[in-house]
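Here is the structure we will look at.
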Amino acid sequence: MYCEYRRCEVDKMNYYIGIDGGGTKTKVIVINEDEEIVLESVSGPSSIDTVSEHETYQAFLTALKPFYDQVKKPHISGFFIGLGGIVSDEDCKKVEDLVKKLPFVTKETKVKARNDMENALYSGLLFDEGISLICGTGMVAFGKNKEGKTHKAGGWGYKEGDLGSSYDLGVRSLRHVIKSFDGRENKTDFSDEVAKTIGMKHTEDFVGIMNTKYLDRTWIASLAPLVTKHALLKDEIALQIVKDATKELAIAVYAVKTKLNIINPTLVIVGSLGHAKGYHEELINQLDLLIPGIKVIKPQVDPAFAASLMAKRLI
């Protein structure tokens, strides 16, 4: 439910801010005391394993600017941040300290940062027990059982591989394109389009391109749609990449289910790649093979809205 700004410009109105940030974009939702949406805004990447601390802060500030422009001196009571790249308590504190520098975040504001996998789980309204699978630029499987125990598989950063993610598909497509150029694999429309996209005309070009781009996680992940496109066109290499990548995701979900001893799991899949045509179908197939009877759902609420609800629950 949305709230008109003028309705919300009331003295001492409490606001609760939720952030869902990843390697491609950052989404912010602000709600009021009645859980009405006051602001829904998107900015650039904020995942702390993708961009600098300064860029993370700027992504938050940019997304919140319309709120600051319209609501004068807002009283921000709670702030929950679910962010990609958070793997430790130190990471949580680092992000919380950044948020505390934002306008109108005071000493009284309750601030909590966690990995975005928590946003994903609650976006499925799985508050007591369930599993979430984030499958976008990065990946992570995360679950919680009825005893309150949690476990995650994957999500250890792109240097580990983020197997099954857009980054992983990008890496695999780059590996294929150089093999197709030097003769280890056949050239196809798939390899030709990847080469054109990255500006590769000759085999020797690959070294210069990778020296410049190999640490650019977002750029590498941007190649993933070429994989799914050519998988739909029945390219054998693209199909194999999709099969191998989705199998890795299913293994991660299975690891969480097993560790937490969840008998009849419900899984919510979050992220653009997880729902992409040419990928989602094979992901469901791999899940069914490894975990027969698993119930797969889409998010019931936006992960950023789930974060704003969690911000309210901090009070």
Options Leu174, Leu133, Leu163, Leu169; residue that is assigned to a loop (DSSP other than H, G, I, E, B), over 21 Å from Glu90 (Cα atoms), in the same structural domain as Val253 (by TED's automatic domain parsing) and not basic (Lys, Arg): Leu163
Among (1) in contact with an Asp or Glu (Cβ under 7 Å, 6 or more places away or on another chain); (2) crowded, with 21+ Cβ neighbours inside 10 Å, the one test that Gly161 misses: (2)
- prompt: Here are some residues: Glu185, Glu193, Glu147, Glu108. Which one is more than 24 Å from Thr26 (Cβ to Cβ), outside the structural domain of Leu287 (by TED's automatic domain parsing) and surrounded by fewer than 20 Cβ atoms within 10 Å (Cβ to Cβ)?
  reply: Glu108
message: Scan the stretch 208-215 and tell me whether some residue there is in the same structural domain as Asn285 (by TED's automatic domain parsing), in contact with a Gly (Cβ under 8 Å, 6 or more places away or on another chain) and either free of Cβ contacts under 8 Å to residues at least 24 places away in the same chain or surrounded by fewer than 20 Cβ atoms within 10 Å (Cβ to Cβ) (or both).
response: yes
message: Checking the conditions here, which among Tyr57, Tyr15 is over 26 Å from Gly143 (Cα atoms), surrounded by fewer than 22 Cβ atoms within 10 Å (Cβ to Cβ) and not assigned by TED's automatic domain parsing to the domain that holds Val270?
response: Tyr57
query: Applying the selection to the stretch 177-195, what residues are among the charged types (D, E, K, R), part of a helix (DSSP H, G or I) and more than 27 Å from Met139 (Cα to Cα)?
result: Asp182, Asp189, Asp192
task: Kindly indicate whether Lys247 is in a helix (DSSP H, G or I) and surrounded by fewer than 24 Cβ atoms within 10 Å (Cβ to Cβ).
output: yes
- line: Pairs returned, first residue in the stretch 251-269 that is over 20 Å from His280 (Cα atoms), second residue that is surrounded by fewer than 16 Cβ atoms within 10 Å (Cβ to Cβ), beta-carbon separation under 8 angstrom, 6 or more apart or interchain, are Leu260/Lys149; Leu260/Thr150; Asn264/Gly293; Asn264/Lys295
statement: Scanning the stretch 270-305 for residues that are in contact with a Pro (Cβ under 8 Å, 6 or more places away or on another chain) and buried (at least 21 other Cβ atoms within 10 Å of the Cβ), the one modelled with the lowest pLDDT turns out to be Val270
- prompt: Out of (1) hydroxyl-bearing (Ser, Thr, Tyr); (2) within 20 Å of Leu287 (Cα to Cα); (3) part of a loop (DSSP other than H, G, I, E, B), the odd one out for Thr228 is which?
  reply: (3)
query: For the stretch 1-113, which strands (runs of 3 or more DSSP E) that fit wholly inside it have 2 or more residues that are in contact (Cβ under 8 Å) with a residue 12 or more places away in the chain, touching a Gly at 6+ places or on another chain (Cβ under 7 Å) and within 30 Å of Cys135 (Cα to Cα)?
result: 14-21, 26-31, 75-83
- prompt: Any idea which of (1) touching a residue at least 12 places away in the same chain (Cβ under 8 Å); (2) out of contact with any strand residue (DSSP E or B) (no Cβ under 7 Å at 6 or more places or on another chain); (3) not polar (S, T, N, Q) is the one Asp162 doesn't satisfy?
  reply: (2)
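The values are calculated or read from the model by the stated rules, or taken from the named source; none is laboratory data. As the structure is a prediction and not an experimental result, all values here were calculated from the model. With ideal geometry, Cβ positions are generated from the backbone for all residues, glycine too; neighbour counts draw on all protein chains shown.
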